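A.B. asks: I am attaching a structure below and will ask some questions about it afterwards.
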Amino acid sequence: MTATIVSPPQDPTSDRKRKRFLRRLAGISSGGMFLDGYVLGGIGAVNAAIGRDLGLSLSWQGLIAASALIGIFFGGPLGGYLSDRFGRARMFTLDMAVFVAGSVLQLLVENGWQLFAVRLLMGIGIGAEYSIGWPLLAEFSPTRLRGKLLAFQEVAWYLGYLAAYAVGYGIGHALDLDWRVILGTSTVPAVLLLIARAGTPESPRWLMSKGRTEEARKIAEEYFEDAHEIADLAGEETRKANFWRLFSPDYRKVTAFVCVFWFCTVTPYFAIASFAPTVLADFGMGDGFLGALWVNGLALAGAATTFFLIERVGRRLLVIPQFWMGAAALAVVGFFPAASPLLILVCFLLFSYTNAMSTAVTGVYPNEVFSTDIRGAGIGLATATSRIGAAAGTFLVPVALDTIGVGSTMVVAAGLCAVGAVVTQLTAPETKGKPLTVTSAPRTKRCDPVPRTRIAGK
């Protein structure tokens, strides 16, 4: 395939415009991740208050805590399907409207099933955010920055999660606010993001995959960083979106890798972080609030570390060793439950830091290994798979603590980390510095060079 691509004008004004656009797109995309973390973290901070106010059983409290995660299970594939079929940009704005509606409705709930239904709706919006916003950002990002921009999405997630803890435990307790008000504070950033997302251009790569070459060319020349990025655009294949292509011989290996990798990364985190105060209190740390803040603060630092290093050291080095260190830390907690509270806290902090480093790469790999026609679907499937474990972990941790104890629960979590390490070691590709048409090429074409492209004026 040979295409003629016009090089974008190389003038300071155009360059500044492109940089401003990329910063804006990264900002409104990471804003969605901030909301995701805020929505999921907020429920952990007020779950006990909800149980007391509404007279809920322990099982109902766990179900409400997991409701958004259950919604993500459905929202990820749904958003991916809609994004691949109808485009990234329009769904990008529509999805934020779901956030706004859910945030407002949280202020009005009166019983457990209503709260469960609203949180389920918000979870659907969160899941769709992964499979809409991430592909849009990946498809506009230059190769040299793609990993950093995608990894920053997880930094924003942890910022949102930590902010929710601060609001729930800090402001909520100090001002004695109703838990509905605390949950409903997500309305403010949701409305701001809804406004900011209006007018976002469509992804040129998605347009190319639909055969809309002229539209893709115009947008790419306006917003892509340089001629090399536009040249890579010519390698996009025109192909109808087909969910089942994820399981074809060309993609089933990377589909399995992404799903297992994400599942084994987030499941131990949610199992611990959602009930960190309870877990840490079992080791003599009071109500566990301070320890929980440390756990989430170190997670933020871990994600930030990946953000700074990913374009220097690559993807694999930020995932495989971290899996093993996390497994070792949790194994110490599991096999030595009589250890000092200080040692237990150090292990939790080590796990939180290293787990967050690998979690930041969950925003990178799925966007790089799937072709444009199935990128949304692939991310949606991986999101759904990961949230099966996250929802189960959140819901089952209280039961596990009562039945098999903290030690055995931590051993199971350590085992999941070890599985993730082995699978990643055997199947994860290194995608650093490679254009999207190379990293996402079908298995039968991965050794082929990028299609030759003639750049006008060069």
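FYI, it's all coordinate maths here, none of it is from the lab. These figures come from a predicted structure and were not determined experimentally. Note: ideal-geometry Cβ built from the backbone for every residue, glycine included; neighbour counts use all protein chains shown.
A.B. asks: State the extension gain, in nm to one decimal, for the chain segment bounded by V422 and V346, taking 0.36 nm per residue of separation less the distance between their alpha-carbons.
C.D. replies: Extra length from V422 to V346 when fully extended: 24.9 nm.
A.B. asks: Compute the angle between helix 213-223 and the longest alpha-carbon principal axis of the chain, please, reported from 0 to 90 degrees and rounded to the nearest 10.
C.D. replies: Rounded to the nearest ten degrees, it is 70.
A.B. asks: What is the gain in length, in nm to one decimal, between Q114 and E215 on full extension, counting 0.36 nm per residue of separation less the C-alpha to C-alpha distance?
C.D. replies: 31.9 nm
A.B. asks: Starting at the first residue of region 328-340, write each ³J(HN,Hα) from the Karplus equation 6.51 cos²θ - 1.76 cosθ + 1.60 with θ = phi - 60°, in whole Hz, x for Gly and Pro.
C.D. replies: So the J values, rounded to whole Hz, are 5, 5, 6, 5, 4, 4, x, 8, 10, x, 8, 5, 5.
A.B. asks: Count the net charge of all other residues whose Cβ sits under 11 Å from the Cβ of A360, scoring Lys and Arg as +1 and Asp and Glu as -1.
C.D. replies: Value of the local net charge: +1.
A.B. asks: Can you give the charge dipole size of region 1-134 about its Cα centre, rounded to the nearest 20 debye, using +1 on the beta carbon of Lys and Arg and -1 on the beta carbon of Asp and Glu?
C.D. replies: It works out to roughly 580 debye.
A.B. asks: In addition: Give the angle, between 0 and 90 degrees and rounded to the nearest 10, that separates the Cα long axis of helix 112-140 from the longest principal axis of the Cα atoms of the chain.
C.D. replies: That works out to roughly 30 degrees.
A.B. asks: Kindly state, to the nearest 0.05, the FRET efficiency for I195 paired with E237, given R0 = 35 Å and r defined as their beta-carbon distance.
C.D. replies: 0.50
A.B. asks: Related question: Quick check for me: using +1 on Lys/Arg Cβ and -1 on Asp/Glu Cβ, what's the dipole size of region 3-456 about its Cα centre, in debye to the nearest 20?
C.D. replies: Using only the charged Cβ atoms, the result is roughly 1340 debye.
A.B. asks: Right, next: Let me have the 222 nm mean residue ellipticity of the chain computed from DSSP H runs of 4+ only, each contributing -39500 (n - 2.57), with the sum over all residues rounded to the nearest 500.
C.D. replies: Only helices count here, giving -24500 deg cm²/dmol.
A.B. asks: Another one. Grab the Cα-Cα distance for R90 and A166, subtract it from 0.36 nm times how many residues apart they are, and report the gain in nm with one decimal.
C.D. replies: 24.0 nm
A.B. asks: Just to confirm the number: angle between the C-alpha axis of helix 143-165 and the first principal axis of the chain, 0 to 90 degrees, nearest 10?
C.D. replies: Once rounded, the angle reads 20 degrees.
A.B. asks: Continuing with this model, one more query. More than 27 Å apart: what percent of Cα pairs in the chain qualify?
C.D. replies: 51 percent
A.B. asks: Let's test the formula: R0 of 30 Å, r as the Cβ-Cβ distance of E222 and R312. What FRET efficiency results, to the nearest 0.05?
C.D. replies: Using R0 = 30 Å, I get an efficiency of 0.50.
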